[in-house]
Amino acid sequence: MPLLELAHISHWTEQKKYSAVIGVPVHNEERYIARSLELLDHQADPTDDYAIVLLLNNCTDGTLTVLRSLEANLKHDVYFTDIKLPRNLAHAGMARKLAMDAAARLAAPHGIVLTTDADAVVTTDWLAMTRKHIATGADAVSGFVQHNPAEKSDWPQALKDRTDVECRYEDLLAELYATLDPQPHNPVPCHMITLGASLAATREAYHKCGGVPPIPCGEDRAFIAALERSNARVRFPRDVIAYTSSRLAGRADGGMAATLKARADCPELPCDPLLEPVAMACKRAEWRRTLRGLWPAALPLTWATTLKITPTQLRTAWASPSFGQAWQLLEAASPELQRSALTMDELKAELPRLEKLVAQLRKQGAARDSDVQQRDVAKRSARLGQRSAQRLADTAGAYVDRAASVAAKAAATAAATAMGTTLPDTPPASIAGTTP
């Protein structure tokens, strides 16, 4: 397949459209670009109708040379551009936005726009599993991103141990949120961490939310927040898998590598603020579920007292066009919902509480499921019993009818014999009723 330069596309409306397009920002990735492109170009996709967009930005190494050397072996159309962003715009957020904007222009009206990192590793069914979740009702998919095991093996042991504890806490917290505030489009099992190594949205949802915010870092979380404000159904599945680079030396300010290195150098650094205490997580989930259930009906002003905000702030937030936007405004305004980062010692102290609570919720859920199953079985048995009784009644009725017919025929035969006449096949009612 050809290697196509985006700058040579003069009429976008006439350009071929694809059911899925993957936009990848690339900055000085001559070491990884061949591996990344190989994985993306050989996805086990049921439609095999997709393209790849590579946005090379401010590359000063041999990335473009490596890319050109791969052209002869490409299976799918690969579009690229090699640009130099001004210093104030040369960051991850702008690069990802440009890559996904270009991907959205190449996507069909009902297509999907995806993104990953140039140094990430996606599984062979990454695209297919994303399609599955979109096809079953999600507007966007935030994949399950894990650390690259090969690179993680080079970490200091203290960083490995810390990360394992944080990941355990993340997994349980995601289950807690999904159990206390269930949403049909994001069932358990799910996760709660958003990373640019695996993101996707329908073309419609992408445009509706305004696309990727062009901010220096954290554009991945900001993108998901924008989708949720626009009322998009965002799914956080654990079967859309990518492995992010786990290098301790990276190039993006505020990126994964910078975070990992900082934690390796300074183990006492606090955890991600998303990893909140158990009591706070329960309150957040229960309030969100309650408010979601009230939306969009008028909200009692007593909520202003509960949230410790002014009635004006409450009314302003509740006047939002979507619950997602209303909730984000309430979270930002309420001191009762502010997040504060736990230290590792605090997180470790909270972990047993979280494990115990999630175990209890699982047990309760299993009991409810068992009760529901038993009720369903009872209902089915009752329905089967009713049908059996009806069939028995129908059978009995038919038997009675046949018995009456035989008796009537016997009586008619006797009468006919007595009168010396031939018995007709169907005796008249007068004959059937004659007494010999």
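The values are calculated or read from the model by the stated rules, or taken from the named source; none is laboratory data. Just so you know, these numbers come straight off a predicted model, no measurement behind them. Here Cβ is always computed from backbone atoms with ideal geometry, including for glycine, and neighbour counts include all displayed protein chains. In case anyone asks, the SASA skips ligands and DNA or RNA and just uses the protein heavy atoms, side chains included. Shrake-Rupley method; radii C 1.70, N 1.55, O 1.52, S 1.80 Å.
Here is how the number arises for the chain: DSSP H runs of 4 or more residues each give -39500 (n - 2.57), the sum is divided by the residue count, and the result at 222 nm is -16500 deg cm²/dmol.
The spacing between region 131-197 and region 1-18, judged by their C-alpha centroids, is 35 Å. Taking each of 97/152; 160/348; 160/261; 132/208; 16/75 in turn, the alpha-carbon distance tops 19 angstrom for 97/152; 132/208.
Net charge in the neighbourhood of residue 183 (other residues with Cβ under 12 Å of its Cβ; Lys, Arg +1, Asp, Glu -1) is +3.
When a/c reaches 1.5 or more, the comparison of a/b and b/c decides; with that in mind, is region 1-154 rounded, prolate or oblate per its Cα gyration tensor? It is rounded, given that a/c, with a ≥ b ≥ c, falls under 1.5.
For volume of the Cα convex hull per residue in Å³, the candidate list reads (i) 158; (ii) 271; (iii) 136; the entry that matches the value derived from this model is (ii). On the principal axes of its alpha-carbon atoms, region 66-119 has extents of 36, 33, 18 Å, going from largest to smallest.
So with the 1.4 Å probe, I'd like the accessible area per residue for the chain, rounded to whole Å². Value for the chain: 50 Å² per residue. Percent of accessible area on region 116-224 owned by carbon and sulfur, 1.4 Å probe? Summing carbon and sulfur atoms, their accessible area is 57 percent of the total for region 116-224. Based on Cα contacts under 8 Å between residues 6+ apart, the chain shows a relative contact order of 15 percent.
Put simply, the amide H of residue 58, placed in the peptide plane, has neighbours under 5 Å in 83, 84, 85, leaving out anything fewer than 5 places away on its chain. Between residue 319 and residue 349, the C-beta separation translates, for a Förster distance of 41 Å, into a calculated FRET efficiency of about 0.50. Taken about its Cα centre, the chain carries a charge dipole of roughly 1540 debye when the Cβ of each Lys and Arg holds +1 and the Cβ of each Asp and Glu holds -1. Taking Cβ atoms as reference points and 10 Å as the exclusive limit, the residues near residue 151 contribute a net charge of 0, counting Lys and Arg as +1 and Asp and Glu as -1.
Sequence-ordered 3J(HN,Hα) estimates for region 273-282 from the Karplus curve with 6.51, -1.76 and 1.60 and θ = phi - 60° stand at x, 5, 8, 8, x, 4, 4, 5, 5, 5 Hz, glycine and proline given as x. For the chain, a Gaussian network of Cα nodes joined below 10 Å ranks 106, 74, 40 by mean-square fluctuation, and the top entry is 74. Highest-first packing order for the peptide set 362-368, 59-65 is 59-65, 362-368, based on the mean count of other beta carbon atoms within 10 Å.
Simple rule: put +1 on each Lys or Arg Cβ and -1 on each Asp or Glu Cβ in the chain, find the dipole, and look at 301, 191, 111; the Cα lying farthest toward the positive end is 301.
Here region 16-130 is treated with +1 on each Lys and Arg Cβ and -1 on each Asp and Glu Cβ, and its dipole about the Cα centre works out to around 460 debye.
Roughly what % antiparallel, to the nearest 5, for the DSSP beta bridges in the chain? That works out to approximately 25 percent antiparallel. Remark: the residue 294-residue 341 segment gains 13.9 nm on full extension, using 0.36 nm per residue and subtracting the alpha carbon distance.
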